[in-house]
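Single-structure report; data block below.
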Amino acid sequence: MRRINPGSVNSYIRYGNLKIPKSIQSECPGCRSTTEFMLNANYQSSKNGLVTESSCPVCKKSAVFIIMTKDVLDEQGEHADTYIYDTQASRHLINQIESLPNIPKDLIRAYRSAINVHQSRENPATAVMSKRVIESILKHFLKEKSKGQPLSQQLEILPNHVDLARPIQSLSHLLVTDGSLHRMLELETEMDYETTSLLMDLLESLIEYLFVLPGKIEVTHNKIAKKFQ
């Protein structure tokens, strides 16, 4: 499940003593478009909350929303926490980076803040936090060399201070011809389910690292460049 930021709720209705969302701006779990969902009033009720659904205006697929009504109380009144059922929620970047080793805590905080203010549609705050995220990334790799340098120059020298090849080269040790993984891939020994799951994670990471990420950066770069022509 993915929590709906309160800033993404366009309107509320009363449900007893609670305010529950009526209209929500959110990313569709199906087509990944960000659009407005009008929640159906035919709630399925339980002792902990409500379940309802709404059709995506873009792909027409139905999305399920869970509204938590138990023990609801905040400083601004009685607003229920709302979640959208999204099987890909755990794959969102913020959920991935929090479990990674060696990632700066200030980078995680800045990126989370950038997400929150963007979802709340606070455009100036999003610009400020986005700059802070970029600065945190560059500072992590460039250390003292980042001081007093404009972001453009820092990005120019970044590849000289990051070993981009190391993650790929490290895989060579796993695939040596007399190694266990190589023998499993050649069907010389059996592979258990846990190992196959790890192998699928590796395939996904390789494709993302070599194709998806460079492609996404190129597409986004072209869109930004076109917007400011």
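What the Cα convex hull of the chain gives, in volume per residue, is 203 Å³.
Segment LYS131..VAL219, full-extension length gain: 29.7 nm, with 0.36 nm per residue of separation and the alpha-carbon distance subtracted.
Once both labels are positioned 7 Å from their Cα atoms along Cα-to-Cβ, the gap between GLN44 and THR195 label points is 4.1 nm. In this rough spin-label picture, where each label sits 7 Å from Cα along the Cβ direction, the GLN153-LEU171 distance is 3.7 nm.
In this calculation the C-beta distance from HIS79 to ASP178 is compared with R0 = 41 Å, giving a FRET efficiency of 0.10.
Values in this text are rule-based calculations from the coordinates and carry no lab data. If you're wondering where the values come from, they're calculated on a predicted model, not measured in any experiment. As a convention, Cβ positions derive from the backbone with ideal geometry for all residues, glycine included, and neighbour counts pool all protein chains shown.
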